[in-house]
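Below is one structure, written out as structure tokens, with a few remarks after it.
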Amino acid sequence: MGKVVVPVGPQHPALKEPEGFSLTLEGEKVVSATVRLGYNHRGIEKACEERTYTQNIYLIERICGICSHTHSTCFIQCVEELAGVEITSRAAYIRTLVGELERIHSHLLWLGVAGHEIGFDTLFMYSWRDRELVMDLLAMLTGNRVNYGINTIGGVRRDVSSEQIKDILKTVDKLEERTKYYIEVLTQETTIVQRLAGVGRLSKEDAIRLGAAGPTARAAGVKRDTRKDDPYAAYGEVPFEVITDQNSDVLGRGIVRVKELMESYKIIRYVLERLPEGELTVKVPKKIPAGEAISRYEAPRGEDVHYVKSNGTEMPERVKVRAPTLANLSSISHMLEGGYLADVPIIIAAIDPCFSCTDRMITVTDREKDSKSMLDWNKLRAYSIDWHKERGLDFSAISHLREDGR
Amino acid sequence: MSKIGKILPVALKTLFTKPSTEAYPYVKKLVEDDFRGKLEFNCDVCIGCNICTRVCPAKAITIEKVEGEEKKFKAIVHLDRCIYCAQCVDSCPKKALKTTQAFELAGFETGNMTVEV
């Protein structure tokens, strides 16, 4: 049988974000798969170098709309380490609380997306309906449904009142009841079990070899969780279990996520019961001492790593972000191989990908000269002006309107 | 142990409950009291220190002198640039800025998005 190469993406109805997959098919079976990133580069790391640390919190927070607290906390931990300050335990507890609420909304969102990808839209509707409960909690606590802006260098910006604690506990009870039902649905409903079992296999050895992170690794039986391995915020004091599963397929990844929700409720109850008294912020000077720092954070999707280099001024010299999706990407092509074409969307969705968080740069390959070059900001800008000029739109004449480079 | 139609009883029960969605924009969704919406400026207390302009991550706010008056300032906000982080509110030493619950701020022309608050 002849082999057929099918390009999926960068724009494809089955994908939520632009990314390219090249699938070599033998009949319906995927023989090999390659992933091509780089369609959604936004230049955030470079932009960080031109802003102060305080401004960067809000920029970094916007790397991802779903795990925004993840990125801002991870960045701030670096800055606080460089400045040599330790936040109060009340601030650490509030960060943990918002972090867990974020995990709940992200996992419920994933459950809905997974349901949608396998054509089970009933599950999608119900889990997204229940997700609204936790979104309302986040809006109540922080003022916004997404991009909470709760973090500031040296602590948190908003306190939790005793009425809010009551509201949170009430909603968490409701969510727990719904989650118990989802665990039953995910483990018992025939349509789901038969559709997902055995799809996108990733053995424990492969998960370790390919550096998988988060629920993707834990579903393969790898007990890897930054909250336990390298505790930050209040996780060192909070008892919880790292959920693993032996299924090592898409079903296992789903089960790990819904069971993690139960652990999140446990953490939230513990945090709210023992919320220590104290100040919300400690004072941090505007100029951060020279040095470099690295920090890790367990995002809902896996381990997030930030690196910050300071030169003693108000602005960082270098910021580097390794989003969890990048760690899971190398296992994707492995999981796709040997599967069916129809399983491709759910296998990709099962790592809970966030491609725009992952994209870092654009490399242009010249096939004739066989050379590679990178596009920087000015080159990209000149390219876009030329591109539009060829199509009859001249932006160079009005470029003075945007002299501030925005 | 697997069951067919595990989700069916809930699906049937939901048929007889109220819809979870809201009929926005016909029914207005209320936001929280401390929602970070459009800025409000109190010109009586502003001392024109420009800290808000310096901390703004989106270059969305500028403080200008009112023509012909001593120590009187006005705030110009670019609604299209503002990311509603409210760092200016936190940084203001005189508490001249505050956030409101206004969130329906979209417009049809870029030129109209720069407003005095």
Query raised in the report: Given a Förster distance of 56 angstrom, what is the FRET efficiency for A:Glu49 paired with B:Leu8, based on the Cβ-Cβ distance and rounded to 0.05?
Result: 0.50
Report task. Roll a 1.4 Å probe over the protein chains and send me the accessible area per residue for segment A:20-66 in Å². Result -> 40 Å²
Requested in this report: Report which residues of segment A:147-190 become buried by 30 Å² or more of accessible surface when going from the isolated chain to the complete set of protein chains (1.4 Å probe; DNA, RNA and ligands ignored).
Outcome: A:Arg157, A:Arg158, A:Tyr181, A:Gln188, A:Glu189, A:Thr190
Query raised in the report: When the accessible area of segment B:29-116 is computed with all protein chains present and a 1.4 Å probe, what percentage of it is carbon and sulfur?
Result: 50 percent
Report task. Filter the cross-link list A:Lys259/B:Lys98; A:Lys180/A:Lys204; A:Lys180/B:Lys38; A:Lys283/A:Lys320 down to pairs whose alpha-carbon distance in this structure exceeds 30 Å. Result -> A:Lys259/B:Lys98; A:Lys180/B:Lys38
Report task. Give me the distance in nm between label points sitting 7 Å out from Cα along the Cα-to-Cβ direction at A:Tyr181 and A:Asp370, one decimal. Result -> 6.2 nm
Query raised in the report: About its Cα centre, what dipole magnitude does the protein assembly as shown give when the only charges are +1 on Lys and Arg Cβ and -1 on Asp and Glu Cβ, stated in debye to the nearest 20?
Result: 140 debye
**Report entry** 17 Å Cα-Cα reach of B:Lys71 towards lysines, excluding residues that sit fewer than 8 places from it in its own chain
**Finding:** B:Lys94, B:Lys95
Query raised in the report: Could you give the accessible area per residue of segment A:165-278, probe 1.4 Å, as a whole number in Å²?
Result: 42 Å²
Query raised in the report: Tell me, which residues of segment B:57-91 get at least 40 Å² less accessible area when the other protein chains come in, versus the chain alone (1.4 Å probe)?
Result: B:Pro57, B:Lys59, B:Arg81, B:Ile83, B:Cys85, B:Gln87
Query raised in the report: In segment B:43-117, which GluC sites (Glu not before Pro) fall in coil by DSSP and have 10 or fewer other Cβ atoms within 10 Å?
Result: B:Glu67, B:Glu69, B:Glu70, B:Glu104, B:Glu109
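For chain B, what is the mean residue ellipticity at 222 nm derived from helices alone (per DSSP H run of n ≥ 4: -39500 (n - 2.57); sum divided by total residues; nearest 500 deg cm²/dmol)?
-3000 deg cm²/dmol
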Report summary line: Per DSSP, the loop-located trypsin sites (Lys or Arg not before Pro) within segment A:177-258 having at most 12 other beta carbons within 10 Å are A:Lys223
Report summary line: Label model pair B:Thr114, A:Val4: point-to-point distance (7 angstrom along the Cα→beta-carbon line) in nm is 5.6 nm
Report task. Indicate the residues belonging to segment A:26-70 that lose 40 Å² or more of solvent-accessible heavy-atom surface (probe 1.4 Å) upon moving from the chain alone to the assembly of all protein chains, ignoring ligands and nucleic acids. Result -> A:Gln55, A:Tyr58, A:Arg62
Requested in this report: With a cut-off of at most 12 other beta carbons within 10 Å, and DSSP calling the residue loop, which trypsin sites (Lys or Arg not before Pro) in segment A:308-370 qualify? Please list them.
Outcome: A:Arg367, A:Lys369
Requested in this report: Using the 4.7 Å Cβ rule, please list in number order the cysteines from chain B without any candidate partner.
Outcome: B:Cys43, B:Cys46, B:Cys49, B:Cys56, B:Cys82, B:Cys85, B:Cys92
Requested in this report: Take the Cα of A:Glu277, step 7 Å along the line toward its Cβ, and report every residue of segment A:69-103 whose backbone nitrogen sits under 14 Å from that point.
Outcome: A:90
**Report entry** Extension gain from A:Lys174 to A:Asn40, taking 0.36 nm per residue of separation minus the Cα-Cα distance
**Finding:** 44.5 nm
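Give me the number: length gained by fully extending B:Asn50 to B:Glu32, i.e. 0.36 nm times residue separation minus the C-alpha to C-alpha distance, one decimal in nm. If you can, show how the numbers build up before the last one.
Numbers: separation 18, 0.36 × 18 = 6.48 nm, distance 2.87 nm.
So the chain would gain 3.6 nm between B:Asn50 and B:Glu32.
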Query raised in the report: Ignoring ligands, DNA and RNA, how much accessible area is buried between chains B and A, both sides summed, with a 1.4 Å probe, to the nearest 100 Å²?
Result: 2700 Å²
Query raised in the report: Of A:Ala92, A:Ala197, A:Ala217, which has the largest mean-square fluctuation in a 10 Å C-alpha GNM of chain A?
Result: A:Ala197
Query raised in the report: Rounded to the nearest whole Å², what accessible area per residue is found for segment B:29-116 with the 1.4 Å probe?
Result: 61 Å²
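The values are calculated or read from the model by the stated rules, or taken from the named source; none is laboratory data. This is a predicted model, so every value here is computed, not measured. Ideal geometry is used to build each Cβ from the backbone, glycine not excepted, and the neighbour counts take in all protein chains shown. These area figures cover heavy atoms from the full protein model, side chains too; ligands, DNA and RNA do not enter into them. Shrake-Rupley method; radii C 1.70, N 1.55, O 1.52, S 1.80 Å.
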